[in-house]
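Only the coordinates and a few stated rules stand behind these numbers; no lab work does. A quick note: this is a predicted structure, and the numbers were derived from the prediction, not measured. A quick note on method: Cβ atoms are made from the backbone with ideal geometry, for glycine too, and the neighbour counts reach across all protein chains shown.
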Amino acid sequence: MLIESRSLQKAKVKNLKKYLSLLLLFFYLAGIVFAQPEEEKNFAVGILSGFYFMQDNVFQETYGKSLPFFGGECYFKLPLKNIEAGLNFKHMRDKGKTTFIGEEINLAITSISLSFRYFINFNKFTPFLGPGIDCIFYKEKYPDAFPVESMKGSSFGFHIQAGCYYHINHAIAVKAFFKHNISKTENNSVKVTLGGAELGIGFIYYFNL
């Protein structure tokens, strides 16, 4: 299988920066327009993006070492001191080449996560740490010459994440995070490691219902 070129990796990074700049502008303007009074907010929604580094060697040979992702999250503060719970959605798509004849194959991965985070407020900065569980759906579509059209399935896993929020104002924050995912599955006697490392940033909007 072929490792994607450096030029393709640079194109991914360039497109990611463009989308993130637009999202940051959107959330900043939304914070100005829809800002609520300065009081503690119990709910939040956000948009996330970054890169996923899957551990599976076959994946790296086919699609490269990293895969860009986009997603969203919503969470709320629990009636426990400095604890929040959230739902996270993430989607990834990429194209690769087969080893022998170089035909194109397509990969799509979607994950839904439930996570819990402990956080500490330091004025504008709020670091956090916590575990979570994941449900991962994947599909790899093959060329017409292949004996099967596609391979798809699902897997459960868990993760641990750490990061930090930076509060632009009382309604808008940006965050950077690292997440380590552990997930393995088997399809048609083929073992696949879906776990890996995740680096990302997010733009968060706080509000009260």
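Here are a few things to note about the model shown:
- Listed cross-link partners Lys41/Lys139; Lys77/Lys191; Lys41/Lys90 are compared with a 32 Å cut-off, the Cα-Cα value being larger for Lys41/Lys139; Lys77/Lys191.
- Order by protection proxy (mean Cβ within 10 Å, highest first), peptides 111-122, 52-63: 52-63, 111-122
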